[in-house]
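A.B. asks: Next up is a structure, given as structure tokens.
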Amino acid sequence: MPALTTTADGFLLRGDPFRIISGALHYFRVHPDQWADRLHKARLMGLNTVETYIPWNLHQPRSGAPLGLDGILDLPRFLRLAAAEGLHVLLRPGPYICAEWDGGGLPAWLTADDGIRPRSTDPRFTAAVDAYLDLLLPPLLPHMAEAGGPVIAVQVENEYGAYGEDTAYLEHLEKALRGRGVRELLFTCDQADPRHLAAGALPGALATGTFGGGVERALARMRDHRAEGPLMCAEFWIGWFDHWGGPHHVRDAADAAADLDRLLSAGASVNIYMFHGGTNFGLTNGANHDHAYAATVTSYDYDAPLTEHGDPGPKYHAFREVIARHAPVPDGPAPGPAAKLAPRDVVLDRCAPLFSGTASAAPSTTVAADRAPLPMDRLDPPSGFALYRSALPAAGDGVLRFSGGVGDRAQVFVDGAPAGVLERERGEEALTVWVPRAGAALDVLVEDLGGTNYGPRIGDRKGLLGPVAFEGAPVGPWTCRALPPDVPEPSAFAPTGRTTGVGPAFHRGTFEVEAPADAFLALPSWTKGLAWVNGFALGRYWRRGPQRTLYVPGPVLRTGANDLVLFELHGSAGLTARLTDAPDLGPEAH
């Protein structure tokens, strides 16, 4: 019998009345050395439970590969720490998670399969899911409540009612979980809309809702859907995420706290989304594609109670007061802010141009293509960056046309000189260029800005997406090469000199640290690219904003000398970066 069971209007935990007061905390968005701190602060705010998704694509980036369960992916360790803090856990393994995460958590190697129907009973999809669960569940079963662990409930899929209505698919997932030893309460999660709740529900599983306001109406809709059983908001949206080129989203703390109070006063259970958002480290951010493509920024601060860098914000204190009216909250003061590194400049005085041939950080395979370049999913690795090379058939001014467009941002070079940029979000497929001679080298560097994580475009292709022509004449043959986003060896760098380099190039500098602490990397002179500190991928930066700093977790730093590396795609007005003691996530939405 599962530890968590339902009654006509609530939950029982091992036979005793229980209300879930949970907050979302994604282990994969937090440095593992900070997990214990974030979990402790969750309990101090009054939470008795935390929730986390599981990103399939991060745990298994290649088909048939062993499951990654170390470092930031050591989910069993995270569950042990939650249990040690006295917290229960809601586990959301997907296989689709949305989460503003690259591809909604579905691996590129899977969704690239021609004609595959994700999130359906397509046997190719369900076979891959079954193989994944065969690897994922055995190390997690000891952490289920039945075995004395913290996991009291497991989600089936995620907001499926907004995507499809294939109940047989949901039933397959239920059987897959049960058949592999999961005995805990199963639940589904859908937007509190009658159509979504009906399409995403699964007989025998608890139906929960997602919403950020209109609490009374949302709870009424959920009660209309199921006449009895616990009312639970599995995602109570208390902030929002940001896209490049848009504003930074915030929600008034008093407004969010008032809605939380309405939820708890109605006797409902809740999972605050997010309690602590964290960071889309590396190239893990997702994207939306409604009328146009829009990539999510590196920060996943979400205007959450606990900020991206783990300090209590206004919502932390407001929510703690609300929770105290309805449930026990630990005695004592709320935690204060963590120490920050004193500001300092970093000069990046060594450089490794991408086209120099010395800047390759990891082996990759070059693939030849005759008539049309290959999309990224035909390369290894199938996401990140790809470099395409061919020769132009004629000289002079002309239009370079990319049939099918680009996924997602392409920098075009003719004989090594920048010729322009094409962006998917603008629907751009053509560029006017000057070609100095027939046979001039054409290089196209394409960046995957993040896989669409919501809606019918999940699994969108990246790279060059069709044939290329110059003034109507086909361009080809091609060489296509994936560029693993990693830091080159120190021997690849040479002194930059007095002039600033024109990208794409890697730039390296060193700085001293007396005592490691959290910091924020500001890059006002730089344009667009990726940043690493001591080999740890902080994520993307972009002058377009809104975010103007990248979070540098204290555990990434070390006493003494530290390395900062930027992969700058364009160029800079100077060679200096700055480590500051405060974040800047950009102008707020109004």
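The values are calculated or read from the model by the stated rules, or taken from the named source; none is laboratory data. The model shown is predicted, which means the values in this text are computed figures rather than measured ones. Don't worry about glycine lacking a Cβ; one is built from the backbone with ideal geometry, like all the others, and counts go over all protein chains shown.
A.B. asks: Only one residue in Leu58, Leu44, Leu25, Leu39 is over 21 Å from Leu73 (Cα atoms), in the same structural domain as Ile72 (by TED's automatic domain parsing) and at pLDDT 95 or above, so which one is that?
C.D. replies: Result: Leu44 is the single residue among Leu58, Leu44, Leu25, Leu39 that is over 21 Å from Leu73 (Cα atoms), in the same structural domain as Ile72 (by TED's automatic domain parsing) and at pLDDT 95 or above.
A.B. asks: Give segment 184-240 a look and list any residue that's in a loop (DSSP other than H, G, I, E, B) and among the β-branched types (Val, Ile, Thr), or say none.
C.D. replies: Of everything in segment 184-240, just one residue is in a loop (DSSP other than H, G, I, E, B) and among the β-branched types (Val, Ile, Thr), namely Ile238.
A.B. asks: Out of (1) in contact with a helix residue (DSSP H, G or I) (Cβ under 6 Å, 6 or more places away or on another chain); (2) loosely packed, with under 15 Cβ neighbours inside 10 Å; (3) among the basic types (Lys, Arg), what's the single condition that is false for Arg180?
C.D. replies: If we test Arg180 against (1) in contact with a helix residue (DSSP H, G or I) (Cβ under 6 Å, 6 or more places away or on another chain); (2) loosely packed, with under 15 Cβ neighbours inside 10 Å; (3) among the basic types (Lys, Arg), just (2) comes out false.
A.B. asks: Still on this structure, please answer the following. Exactly one condition in (1) in a loop (DSSP other than H, G, I, E, B); (2) within 22 Å of Gly282 (Cβ to Cβ) is not met by Phe78; state its number.
C.D. replies: Phe78 satisfies every listed condition except (1).
A.B. asks: Follow-up. With the requirement that a residue be assigned to a loop (DSSP other than H, G, I, E, B) and more than 20 Å from Arg350 (Cα to Cα), what does segment 502-554 give you? Working first, answer last.
C.D. replies: Taking segment 502-554 as the starting set, the residues that turn out to be assigned to a loop (DSSP other than H, G, I, E, B) are 503-504, 514-517, 523-525, 527, 534-535, 543-548, 553.
Answer for segment 502-554, where residues must be assigned to a loop (DSSP other than H, G, I, E, B) and more than 20 Å from Arg350 (Cα to Cα): Glu514, Ala515, Pro516, Ala517, Arg543, Arg544, Gly545, Pro546, Gln547, Arg548, Pro553.
A.B. asks: List the number of the failed condition for Leu400; all other conditions in (1) in a loop (DSSP other than H, G, I, E, B); (2) closer than 24 Å to Ala368 by Cα hold.
C.D. replies: Against the list (1) in a loop (DSSP other than H, G, I, E, B); (2) closer than 24 Å to Ala368 by Cα, Leu400 comes up short only on (1).
A.B. asks: Taking the condition on the phi > 0 side of the Ramachandran plot, surrounded by fewer than 16 Cβ atoms within 10 Å (Cβ to Cβ) and out of contact with any Ser or Thr (no Cβ under 6 Å at 6 or more places or on another chain), does Gly472 pass?
C.D. replies: Criteria met by Gly472.
A.B. asks: Turning to a different aspect of this structure: Could you check segment 112-129 and list, in sequence order, the residues that are modelled with pLDDT of 95 or more and among the small types (Gly, Ala, Ser)?
C.D. replies: The answer is Ser120, Ala127, Ala128.
A.B. asks: Identify the single condition in (1) of a type in the set (Gly, Ala, Ser); (2) more than 27 Å from the chain's Cα centre (by Cα); (3) in a loop (DSSP other than H, G, I, E, B); (4) on the phi < 0 side of the Ramachandran plot that Ala352 does not satisfy, given that it satisfies every other one.
C.D. replies: If we test Ala352 against (1) of a type in the set (Gly, Ala, Ser); (2) more than 27 Å from the chain's Cα centre (by Cα); (3) in a loop (DSSP other than H, G, I, E, B); (4) on the phi < 0 side of the Ramachandran plot, just (3) comes out false.
A.B. asks: Does Leu538 count as outside the structural domain of Leu445 (by TED's automatic domain parsing) and under 23 Å from Gly239 (Cα atoms)?
C.D. replies: yes
A.B. asks: What do you reckon, is His31 buried (at least 19 other Cβ atoms within 10 Å of the Cβ), at negative phi, touching a Ser or Thr at 6+ places or on another chain (Cβ under 8 Å) and in contact (Cβ under 8 Å) with a residue 40 or more places away in the chain?
C.D. replies: When the stated conditions are applied, His31 does not pass them.
Yes/no matrix, rows are residues, columns are (1) among the hydrophobic types (A, V, I, L, M, F, W, C); (2) without any contact (Cβ under 8 Å) to a residue 40 or more places away in the chain; (3) on the phi < 0 side of the Ramachandran plot:
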{"site": "Glu85", "(1), (2), (3)": "no, no, yes"}
{"site": "Val89", "(1), (2), (3)": "yes, no, yes"}
{"site": "Ala99", "(1), (2), (3)": "yes, no, no"}
{"site": "Leu110", "(1), (2), (3)": "yes, no, yes"}
{"site": "Ser120", "(1), (2), (3)": "no, no, yes"}
{"site": "Thr126", "(1), (2), (3)": "no, no, yes"}
{"site": "Leu133", "(1), (2), (3)": "yes, no, yes"}
{"site": "Leu140", "(1), (2), (3)": "yes, no, yes"}
{"site": "Glu157", "(1), (2), (3)": "no, no, no"}
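A.B. asks: Shifting gears a bit: Filter segment 380-435 down to residues that are acidic (Asp, Glu) and either more than 21 Å from Leu354 (Cα to Cα) or touching an Asp or Glu at 6+ places or on another chain (Cβ under 8 Å) (or both) and give me whichever is surrounded by the fewest Cβ atoms within 10 Å (Cβ to Cβ). Quick ask: steps written out before the conclusion?
C.D. replies: Looking only at segment 380-435, we keep the residues that are acidic (Asp, Glu), and these are 380, 397, 408, 415, 423, 425, 428-429.
Narrowing the set further to residues that are either more than 21 Å from Leu354 (Cα to Cα) or touching an Asp or Glu at 6+ places or on another chain (Cβ under 8 Å) (or both) leaves 397, 408, 423, 425, 428-429.
Working: Asp397: 9, Asp408: 24, Glu423: 16, Glu425: 17, Glu428: 16, Glu429: 18.
Applying the filter and picking the extreme gives Asp397.
A.B. asks: In segment 174-183, which residues are out of contact with any strand residue (DSSP E or B) (no Cβ under 9 Å at 6 or more places or on another chain) and not in a loop (DSSP other than H, G, I, E, B)?
C.D. replies: Of everything in segment 174-183, those that are out of contact with any strand residue (DSSP E or B) (no Cβ under 9 Å at 6 or more places or on another chain) and not in a loop (DSSP other than H, G, I, E, B) turn out to be Lys175, Ala176, Gly179.
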